[in-house]
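Asks: I'd like to ask you about the structure that follows.
The values are calculated or read from the model by the stated rules, or taken from the named source; none is laboratory data. Owing to the predicted nature of the structure, the values given are computational and were not obtained by experimental measurement. We place every Cβ from the backbone using ideal geometry, glycine too, and count neighbours over all the protein chains shown.
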Amino acid sequence: MPALTLHPDRLFPADPATRDLARRLHASVRSLPIVSPHGHADPQWFADNAPFPDPAALLITPDHYVFRMLYSQGIALESLGIARIDGSDVERDPRRIWRLFADHYALFRGTPTRMWFDHALHEVFGIRERLDCESAERIYEACAQALKEPAFLPRALFERFNIEVIATTESPLDPLVQHRRIRESGWGGRVITAYRPDPVVDPEFDGFARNVTQFGELTGEDTTRWRGYLAAHRNRRAYFKSMGATSTDHGHPTARTCDLRESECHRLLERALAGTATREEAEQFRGQMLTEMAGMSIDDGLVMQIHPGSHRNHNPRVFRDFGRDKGADIPMPTDYVSALKPLLDRYGNERKLSIILFTLDETVYSRELAPLAGHYPVLRLGPPWWFHDSPEGMLRFREHATETAGFYNTVGFNDDTRAFLSIPARHDVARRIDCRFLATLAVEHRIDEDEAFDLAGNLAYHFAKAAYKL
Amino acid sequence: MPALTLHPDRLFPADPATRDLARRLHASVRSLPIVSPHGHADPQWFADNAPFPDPAALLITPDHYVFRMLYSQGIALESLGIARIDGSDVERDPRRIWRLFADHYALFRGTPTRMWFDHALHEVFGIRERLDCESAERIYEACAQALKEPAFLPRALFERFNIEVIATTESPLDPLVQHRRIRESGWGGRVITAYRPDPVVDPEFDGFARNVTQFGELTGEDTTRWRGYLAAHRNRRAYFKSMGATSTDHGHPTARTCDLRESECHRLLERALAGTATREEAEQFRGQMLTEMAGMSIDDGLVMQIHPGSHRNHNPRVFRDFGRDKGADIPMPTDYVSALKPLLDRYGNERKLSIILFTLDETVYSRELAPLAGHYPVLRLGPPWWFHDSPEGMLRFREHATETAGFYNTVGFNDDTRAFLSIPARHDVARRIDCRFLATLAVEHRIDEDEAFDLAGNLAYHFAKAAYKL
Amino acid sequence: MPALTLHPDRLFPADPATRDLARRLHASVRSLPIVSPHGHADPQWFADNAPFPDPAALLITPDHYVFRMLYSQGIALESLGIARIDGSDVERDPRRIWRLFADHYALFRGTPTRMWFDHALHEVFGIRERLDCESAERIYEACAQALKEPAFLPRALFERFNIEVIATTESPLDPLVQHRRIRESGWGGRVITAYRPDPVVDPEFDGFARNVTQFGELTGEDTTRWRGYLAAHRNRRAYFKSMGATSTDHGHPTARTCDLRESECHRLLERALAGTATREEAEQFRGQMLTEMAGMSIDDGLVMQIHPGSHRNHNPRVFRDFGRDKGADIPMPTDYVSALKPLLDRYGNERKLSIILFTLDETVYSRELAPLAGHYPVLRLGPPWWFHDSPEGMLRFREHATETAGFYNTVGFNDDTRAFLSIPARHDVARRIDCRFLATLAVEHRIDEDEAFDLAGNLAYHFAKAAYKL
């Protein structure tokens, strides 16, 4: 029976001198609170504070990192309990789902999912044997039992994880009922929202016209006209801000921005609402909205996040049968230098605007993002995102971006996750990798040791607070 | 006189703890047989089992890695004995060719060619002094003498190299006479073919129409019509399969795939045969054929390999004077996310299809290939190819692909070589680098040590056998 | 008060065995003279040999690496003393500029600017305390005092830096008065020019038509006609050569080359001069001129350098207010495989031509540049350029290019700087990183130790001399 251990030196380099300094740097930041400025936690967890149903529903079924890998090796999504859109039968027994996952746990060797999962089992559930087909049932039972205890309720875990603040992301159409319930509950945990307008700014989003109509009803604005449509955004942004939001988030296919005349904007809106916008017009509309959002951010102070470059729902059969976010999103080459120019030409030199850029295309770190962020006052670099939220991904980010952008044009770590139990694991990985990178710089005499300690605290905690105004 | 040594720790990292584990991992796989599922060995070697003529003809003249580097430094290909198409005079004296190469051996410092060459000299010929202008003649003599001995005949070397199976690649027009001779010889070595249809699926291939006519004659199908043309493929695939083939191989300029209506396919075939296809139509025809080949693979079980992204014959003067494969092929940026979509839309979720993707564009490892292979059941990642079949190239592949695709969506090592004596050297490099990568993961506590041992055997041997159905 | 130290092991890896060899390699090259074959030193420094005015004017105001980072964090360029085009007021007090810089010195942690700046303070000025807000004034005073001493005059520093030869870059319209003054002064320092024809080969260059007119006047050629225009180039190239030039330099937006008929060239020139050339025609004209320059290089032996891939003046407000070269140039993806083909088709196999390629797009190192340089006799790879002239950038270059291009298709180091005092620092970084890379290869038994020593001298000194014919 192989043991499950979390080695205290995990993710630190083997060289003894570097490892020693990495350890000391990490010791100085490991107890800092978690600031989670961007993620996909469900606010209902904290509003209801109900027990999580079972280990599979908590750890496997909602995690697209997990089931995409299993699917890639020929395991049917149905057998993992992923709901089909047609409502037809899928596996319901969490024990069988868990067992299937455990049988294939070797697939995750060398992936961050493995590290996050082990971290959750070890730290949250106190498991001390490695997951495999032999241990699967014992571990399931232990986790299932634990989830019934008060210490495993969402708010208790939130506190145990030492989360200072967590931001969720919601559509402008979301009434933010759960956030209101959390506030009114008297519980001290800080759960805030972020303004993610994709459903009403992307003409290709499912139900766009219907969404914009609802957007108008919600705000009392005439969203069929350009000015009314913009006013509706201002209205909802203000509401989101009143519910704690300090940021907006924009998940576009590209980083394209536009700066069109008002008459042209109005025409694009009309065509988008009529469903007659071409792909190019849809792209222009989204691009114009990034520039508009930047302008509104100058007024209301919300920090802007741009997450471009994913070919969503690349697999039409999976999309048809299971819907969005089922592990079939694939990164694409992403241009920033030309794409951002219209927005930057207009707002790039503002002092009151902050735009955090993310990418799924690592080639742009040294070629585009670091040079842009190392010049434009409005730009900052978000941490490695999605597939790159991993030890190697984080190291590449620091190695490629730091020499041109420095550390101070970066914004600390985002966990960006739907998997609640992975939050401490992800922050732990990020802190370890950053400490490792800093230790390497110091041991190679590229920075001084006192600077490494100062930076470790910034990267683990202070930068995120400052960049997101938290 | 500098010594030639193969240090037992070569390619292992300097850190003592990591090196120690790398050593132990390597010791566990170093004696595993070689599985060579993709390469360009000449089956005639094993059919004739005749002595190799001389050291230059064996080691220098056929190796485009070798003469491209010499050419880049101003050495005429003629002086290396590379045959001119016009039949005009080139160097014929193998001693002079060898000497010229030895004089410039320093050019290969830091390249894999240097490691492969040293390995062949040391392990195959027992040479113990480093090649340079001073030692050139002695080494030539020793090698030339050895080549006359029975122990240096192709079959003897095959056995000494511990090759369990080797696949060559042949055109559908190849009668596979050599393979038949090998089988009929009673020799126990397993030499199989692979179906490489470029000459009859690429309208821009030299002599395409003539090839397709011959293809029809060979199969008794009417290859001037789309259905007959497809039937001819099925016919030859079956024949290749009967000669041991377990795979097909497709060397296209891009990864473009198409899924066109039959009438359109027929029209493209007609234009291709008439020599009136535009570049775009030629590209569509190749793209359609990838999808057709995938469909046939579902039926006959042949594993499909796609090798895109080389700008072949970039240098028109070299092509005119010396022909194909003379070191003038240059990689290009290669898109997979859009290019493969038509094929994947049709067959991406099949359980009975396996497509192994290669690339010459390392930027796609983390951005496209690992995310695709980490989702689609039909996709696997081939090892680093061609210019990237090198220590740094292999490390980059593992570092970029593993966190998203895992190890189990990769297929072990291919040597892909025309240089017979480099086969053990190339597998040795691959095993060392994989053990090094695994040792690093284990020493940094990212996988457990027993997992590293399990993976080492998979990467060195078992994955290739399974992926290629060998 | 934190000390400023330059650790003797800086930039060497932590592993003791590797570090030890890196140290020994470095000791063998550290005293070699500096060969600076490409840069932007101002020849007037050496012609006048007047004292540098003050520390800010020497170290801060002219260095776009410095002020782009400060600007990215919201510091106005005016407050750094950067002159506005409208002549309106900017900070004039060098002490205040220095202080502002020192207050934000932490921004440069982990950047090469920090290493270069510390090196200059430590080695040139003998400073032994770290720059920060507390030490700023003391350090300013010490530097300001030093600059008044004879030992800090430009020629004295040139000699103290052990510069064997330095090349500046000048426009064909430059009369090279300063170079002539240097020559006529009897001073022994070797300061040569390089032919940088952007102002007269780029139709989009400010004042192109005016420049070409002046070009005609200067040379007595009819530059309104294609043949006269080419003759003017030949004329000025000869003059530059007479003033020591051994190279030309071409800073184009892309690597596009053309090989057009003469009538088409003439038509493009006419349209360019008339200001009616489209963007595409301007691009063709520049591309044609690269091919023409290559042809002239075959005749006159000047080595050709191509520096493509920068989106110049990306920030229109900064360009309007402050002009060119103000830190707002951003790299773009750059194609070489197709772009260089017309030139290579014509001249790629010449023995008397040498073209040194640079890039701002690191993705091309392994995909395009190393394969091209590893085949074409005319091509060599320049060192990592601009944003990539950094420890990580240099390591990536060696790791990505060496296995395919070898060391011998590279040309040593260029400092490429306007910041005179950073020259020894930059060469120091390059030598250390190259020694580190070589040490790693040797410790991993990928090259022999004697080869590492041989290569260290080549990379530090001999390759640059040979490649630039110095």
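Asks: So, of the residues in segment B:15-69 that are outside any helix (DSSP H, G or I) and polar (S, T, N, Q), which turns out to be farthest from B:Ala167 (Cα to Cα)? Break it down stepwise before answering.
Replies: Of segment B:15-69, the ones outside any helix (DSSP H, G or I) are B:15, B:30-42, B:49-54, B:60-63.
With the extra rule that they be polar (S, T, N, Q), the set shrinks to B:31, B:36, B:49, B:61.
Numbers: B:Ser31: 20, B:Ser36: 6, B:Asn49: 17, B:Thr61: 22 Å.
So, considering only residues that are outside any helix (DSSP H, G or I) and polar (S, T, N, Q), the one farthest from B:Ala167 (Cα to Cα) is B:Thr61.
Asks: In segment B:418-432, is there at least one residue being in a loop (DSSP other than H, G, I, E, B), within 30 Å of B:Ala57 (Cβ to Cβ) and polar (S, T, N, Q)? Break it down stepwise before answering.
Replies: Here is the first cut: in segment B:418-432, the ones in a loop (DSSP other than H, G, I, E, B) are B:418-421.
Right, trim to within 30 Å of B:Ala57 (Cβ to Cβ) and you get B:418-421.
If we keep only those that are polar (S, T, N, Q) as well, we get none.
No: segment B:418-432 contains no residue that is in a loop (DSSP other than H, G, I, E, B), within 30 Å of B:Ala57 (Cβ to Cβ) and polar (S, T, N, Q).
Asks: Being exposed (fewer than 14 other Cβ atoms within 10 Å of the Cβ), more than 14 Å from every other protein chain (Cβ to nearest Cβ) and more than 24 Å from B:Ala106 (Cβ to Cβ) is true for just one of B:Ser31, B:Ser36. Which residue is that? Show your work before the answer.
Replies: Details: B:Ser36 fails: exposed (fewer than 14 other Cβ atoms within 10 Å of the Cβ).
Every option except B:Ser31 fails the conditions.
Asks: Continuing with this model, one more query. So is B:Ala277 closer than 18 Å to B:Arg210 by Cα, in the same structural domain as B:Phe215 (by TED's automatic domain parsing) and crowded, with 21+ Cβ neighbours inside 10 Å or not?
Replies: Values: closer than 18 Å to B:Arg210 by Cα: yes; in the same structural domain as B:Phe215 (by TED's automatic domain parsing): yes; crowded, with 21+ Cβ neighbours inside 10 Å: yes.
Yes; evaluated as a whole, the condition is true for this residue.
Asks: How about segment C:111-137: which of its residues are within 14 Å of chain A (Cβ to nearest Cβ) and without any contact (Cβ under 8 Å) to a residue 24 or more places away in the chain?
Replies: C:Arg114
Asks: Please determine whether any residue of segment C:76-92 is charged (D, E, K, R) and surrounded by 20 or more Cβ atoms within 10 Å (Cβ to Cβ).
Replies: Within segment C:76-92, the first condition is being charged (D, E, K, R), and the residues that meet it are C:78, C:84, C:86, C:89, C:91-92.
Pick out the ones that are also surrounded by 20 or more Cβ atoms within 10 Å (Cβ to Cβ) and you get none.
No, every residue in segment C:76-92 fails to be charged (D, E, K, R) and surrounded by 20 or more Cβ atoms within 10 Å (Cβ to Cβ).
Asks: In this structure, does A:Phe52 turn out to be more than 24 Å from A:Phe420 (Cα to Cα) and not hydroxyl-bearing (Ser, Thr, Tyr)?
Replies: Values: more than 24 Å from A:Phe420 (Cα to Cα): no; not hydroxyl-bearing (Ser, Thr, Tyr): yes.
In short, no.
Here's the yes/no breakdown for (1) among the hydroxyl-bearing types (Ser, Thr, Tyr); (2) at pLDDT 95 or above; (3) under 26 Å from B:Tyr195 (Cα atoms):
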| site | (1), (2), (3) |
| --- | --- |
| B:Leu6 | no, yes, no |
| B:Thr18 | yes, yes, no |
| B:Leu21 | no, yes, no |
| B:Pro33 | no, yes, yes |
| B:Ser36 | yes, yes, yes |
| B:Asp48 | no, yes, yes |
| B:Pro51 | no, yes, no |
| B:Pro62 | no, no, yes |
| B:Val66 | no, yes, no |
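Asks: Just give me the residues in segment C:70-81 being part of a loop (DSSP other than H, G, I, E, B) and either touching a Gly at 6+ places or on another chain (Cβ under 9 Å) or within 13 Å of chain A (Cβ to nearest Cβ) (or both), in sequence order.
Replies: Initially, segment C:70-81 is screened for residues part of a loop (DSSP other than H, G, I, E, B), giving C:73-76, C:81.
Of everything in segment C:70-81, those that are part of a loop (DSSP other than H, G, I, E, B) and either touching a Gly at 6+ places or on another chain (Cβ under 9 Å) or within 13 Å of chain A (Cβ to nearest Cβ) (or both) turn out to be C:Gln73, C:Gly74, C:Ile75, C:Ala76.
Asks: Quick one: in segment B:348-383, of everything that is among the aliphatic types (A, V, I, L, M), more than 11 Å from chain C (Cβ to nearest Cβ) and in a loop (DSSP other than H, G, I, E, B), which residue is nearest to B:Thr402 (Cα to Cα)? Give the derivation first.
Replies: First, the residues of segment B:348-383 that are among the aliphatic types (A, V, I, L, M): B:353, B:355-357, B:360, B:364, B:369-370, B:372-373, B:378-379, B:381.
Filter once more, so that each one left must be more than 11 Å from chain C (Cβ to nearest Cβ): B:353, B:355-357, B:369-370, B:372-373, B:378-379, B:381.
If we keep only those that are in a loop (DSSP other than H, G, I, E, B) as well, we get B:353, B:378.
Details: B:Leu353: 22, B:Val378: 18 Å.
Ranking the qualifying residues of segment B:348-383, first place goes to B:Val378.
Asks: Same structure again: Right, B:Ser310: within 19 Å of B:Val364 (Cβ to Cβ), out of contact with any Lys or Arg (no Cβ under 6 Å at 6 or more places or on another chain) and more than 9 Å from every other protein chain (Cβ to nearest Cβ) or not? Break it down stepwise before answering.
Replies: Values: within 19 Å of B:Val364 (Cβ to Cβ): yes; out of contact with any Lys or Arg (no Cβ under 6 Å at 6 or more places or on another chain): yes; more than 9 Å from every other protein chain (Cβ to nearest Cβ): yes.
Criteria met by B:Ser310.
Asks: Moving on to the next point. Being buried (at least 16 other Cβ atoms within 10 Å of the Cβ), in contact with a helix residue (DSSP H, G or I) (Cβ under 8 Å, 6 or more places away or on another chain) and closer than 30 Å to C:Glu164 by Cβ is the requirement here; does C:Gly244 meet it?
Replies: Values: buried (at least 16 other Cβ atoms within 10 Å of the Cβ): yes; in contact with a helix residue (DSSP H, G or I) (Cβ under 8 Å, 6 or more places away or on another chain): yes; closer than 30 Å to C:Glu164 by Cβ: yes.
Criteria met by C:Gly244.
Asks: Okay, next question. Taking B:His462 as the residue in question, decide whether it is within 14 Å of another protein chain (Cβ to nearest Cβ) and assigned to a loop (DSSP other than H, G, I, E, B). So that I can check it myself, show each step before the final result.
Replies: Details: within 14 Å of another protein chain (Cβ to nearest Cβ): yes; assigned to a loop (DSSP other than H, G, I, E, B): no.
Here the answer is no, as B:His462 does not meet what is asked.
Asks: With segment C:84-185 as the region, which helices (runs of 4 or more DSSP H) entirely inside it contain at least 2 residues that are farther than 26 Å from C:His7 by Cβ?
Replies: Numbers: elements: C:94-103, C:112-119, C:136-147, C:154-160, C:177-184.
Here the list reads C:94-103, C:136-147, C:154-160, C:177-184.
Asks: Shifting gears a bit: Report the residue count in segment A:384-401 for those that are in contact with a helix residue (DSSP H, G or I) (Cβ under 7 Å, 6 or more places away or on another chain) and not in a helix (DSSP H, G or I).
Replies: The total comes to 3.
Asks: Within the bounds of segment C:395-406, is there any residue that is surrounded by fewer than 21 Cβ atoms within 10 Å (Cβ to Cβ), more than 28 Å from A:Asp345 (Cβ to Cβ) and more than 7 Å from every other protein chain (Cβ to nearest Cβ)? Write out each step before concluding.
Replies: First, the residues of segment C:395-406 that are surrounded by fewer than 21 Cβ atoms within 10 Å (Cβ to Cβ): C:395-396, C:399.
With the extra rule that they be more than 28 Å from A:Asp345 (Cβ to Cβ), the set shrinks to C:395-396, C:399.
If we keep only those that are more than 7 Å from every other protein chain (Cβ to nearest Cβ) too, we end up with C:395-396.
Yes: one or more hits.
Asks: Counting just the residues of segment A:1-12 that are more than 7 Å from every other protein chain (Cβ to nearest Cβ) and part of a loop (DSSP other than H, G, I, E, B), which one comes out surrounded by the most Cβ atoms within 10 Å (Cβ to Cβ)? Don't jump to the end; show me each part of the working.
Replies: The first filter runs over segment A:1-12 and keeps only residues more than 7 Å from every other protein chain (Cβ to nearest Cβ), leaving A:1, A:3-6, A:8.
From the residues that got through so far, the ones that are part of a loop (DSSP other than H, G, I, E, B) too are A:1, A:4-6, A:8.
Numbers: A:Met1: 10, A:Leu4: 17, A:Thr5: 13, A:Leu6: 14, A:Pro8: 10.
Of everything passing the filter in segment A:1-12, A:Leu4 is surrounded by the most Cβ atoms within 10 Å (Cβ to Cβ).
Asks: Among the numbered criteria (1) touching a helix residue (DSSP H, G or I) at 6+ places or on another chain (Cβ under 6 Å); (2) within 14 Å of another protein chain (Cβ to nearest Cβ); (3) not small (Gly, Ala, Ser), which one does C:Tyr140 miss?
Replies: (2)
Asks: Without any contact (Cβ under 8 Å) to a residue 60 or more places away in the chain, surrounded by fewer than 19 Cβ atoms within 10 Å (Cβ to Cβ) and in a loop (DSSP other than H, G, I, E, B) - does that describe any residue in segment C:297-307?
Replies: No - not one qualifying residue is present in segment C:297-307.
Asks: Conditions: (1) part of a helix (DSSP H, G or I); (2) free of Cβ contacts under 8 Å to residues at least 60 places away in the same chain. B:Arg234 meets all but one. Number of the miss?
Replies: Exception for B:Arg234: condition (2).
Asks: Continuing with this model, one more query. Which is over 27 Å from A:His38 (Cα atoms), exposed (fewer than 15 other Cβ atoms within 10 Å of the Cβ) and without any contact (Cβ under 8 Å) to a residue 60 or more places away in the chain, of A:Gly228, A:Gly207, A:Gly186, A:Gly220?
Replies: Working: A:Gly228 fails: exposed (fewer than 15 other Cβ atoms within 10 Å of the Cβ); A:Gly207 fails: over 27 Å from A:His38 (Cα atoms); A:Gly186 fails: over 27 Å from A:His38 (Cα atoms).
Exactly one of A:Gly228, A:Gly207, A:Gly186, A:Gly220 is over 27 Å from A:His38 (Cα atoms), exposed (fewer than 15 other Cβ atoms within 10 Å of the Cβ) and without any contact (Cβ under 8 Å) to a residue 60 or more places away in the chain, namely A:Gly220.
Asks: Can you tell me which condition C:Arg446 does not meet? The list is (1) within 7 Å of another protein chain (Cβ to nearest Cβ); (2) not in a loop (DSSP other than H, G, I, E, B), and all the others hold.
Replies: Just one mismatch for C:Arg446, condition (2).
Asks: Among the residues of segment B:266-286, is any part of a loop (DSSP other than H, G, I, E, B), of a type in the set (A, V, I, L, M) and within 22 Å of B:Ala167 (Cβ to Cβ)? Before the answer, list the steps.
Replies: Let us first name the residues in segment B:266-286 that are part of a loop (DSSP other than H, G, I, E, B), namely B:275-278.
When the remaining residues are screened for being of a type in the set (A, V, I, L, M), the result is B:277.
Now restrict to residues that are within 22 Å of B:Ala167 (Cβ to Cβ): none.
Checking segment B:266-286: not a single residue is part of a loop (DSSP other than H, G, I, E, B), of a type in the set (A, V, I, L, M) and within 22 Å of B:Ala167 (Cβ to Cβ).
Asks: Sticking with this structure for a sec: What do you reckon, is C:Arg95 among the charged types (D, E, K, R), within 26 Å of the chain's Cα centre (by Cα), surrounded by fewer than 20 Cβ atoms within 10 Å (Cβ to Cβ) and not assigned by TED's automatic domain parsing to the domain that holds C:Arg426?
Replies: Values: among the charged types (D, E, K, R): yes; within 26 Å of the chain's Cα centre (by Cα): no; surrounded by fewer than 20 Cβ atoms within 10 Å (Cβ to Cβ): yes; not assigned by TED's automatic domain parsing to the domain that holds C:Arg426: yes.
No, not satisfied.
Asks: Kindly evaluate B:Leu369 against the criterion of being of a type outside the set (D, E, K, R), surrounded by 23 or more Cβ atoms within 10 Å (Cβ to Cβ), modelled with pLDDT of 95 or more and in the same structural domain as B:Val29 (by TED's automatic domain parsing). Working first, answer last.
Replies: Details: of a type outside the set (D, E, K, R): yes; surrounded by 23 or more Cβ atoms within 10 Å (Cβ to Cβ): yes; modelled with pLDDT of 95 or more: yes; in the same structural domain as B:Val29 (by TED's automatic domain parsing): yes.
Yes.
Asks: Please identify the pairs in which a residue from segment A:76-90 that is at pLDDT 95 or above has its Cβ atom under 7 Å from the Cβ atom of a residue that is among the acidic types (Asp, Glu) and assigned to a helix (DSSP H, G or I), counting only partners at least 6 apart or on another chain.
Replies: Final answer for the pair search is A:Arg84/A:Glu78; A:Arg84/A:Asp321; A:Ile85/A:Asp321; A:Val90/A:Glu78.
Asks: Of all residues in segment C:315-341 being without any contact (Cβ under 8 Å) to a residue 24 or more places away in the chain and facing another protein chain (nearest Cβ under 7 Å), which is surrounded by the most Cβ atoms within 10 Å (Cβ to Cβ)?
Replies: That would be C:Ile330.
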